[in-house]
Amino acid sequence: MASLENATRTAEGVVVKGFVISPVVEQCAGCDRVRDFEGEQFCSSYPSPASKWAGGRCNFATHVKAQTTAAAKVNPLKASKRAAKGR
């Protein structure tokens, strides 16, 4: 669903290519994938944005940066061997 050009409003809601899509939720504010259609905002990548945010972070969100954890642990023995070889 790259755009909502072929979207139509029906009794079920807004339909794009046979899929009924739901309006975006608060967490989607600022995302590049949000598209306007008849005064409402919809996600151009996923038909039900609320379910994407239910498990934490939406993997389609362009406005949320991925959280990085601490640097990868390095085995001290291997690190000393690499240092001795000059790598």
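Some values worked out for this structure:
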| item | result |
| --- | --- |
| Lone qualifier among ARG35, ARG57 - being surrounded by 16 or more Cβ atoms within 10 Å (Cβ to Cβ) and either part of a loop (DSSP other than H, G, I, E, B) or of a type outside the set (A, V, I, L, M) (or both) | ARG35 |
| Selection status of CYS31, farther than 20 Å from THR10 by Cα, at pLDDT 85 or above and not small (Gly, Ala, Ser) | yes |
| Looking only at the range 1-28, and only at residues there that are more than 12 Å from the chain's Cα centre (by Cα) and among the polar types (S, T, N, Q), the one that is modelled with the highest pLDDT | SER22 |
| Unmet criterion (only one of (1) within 26 Å of ASN6 (Cβ to Cβ); (2) part of a helix (DSSP H, G or I); (3) free of Cβ contacts under 8 Å to residues at least 24 places away in the same chain) for ALA50 | (3) |
| Selection from the range 60-79 of residues that are surrounded by 10 or more Cβ atoms within 10 Å (Cβ to Cβ) and in a helix (DSSP H, G or I) | ALA79 |
| Residues that are in contact with a Lys or Arg (Cβ under 6 Å, 6 or more places away or on another chain) and modelled with pLDDT of 85 or more, drawn from the range 34-44 | PHE42, CYS43 |
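The values are calculated or read from the model by the stated rules, or taken from the named source; none is laboratory data. Predicted model only: the values in this text are computed from it and were never measured. As a convention, Cβ positions derive from the backbone with ideal geometry for all residues, glycine included, and neighbour counts pool all protein chains shown.
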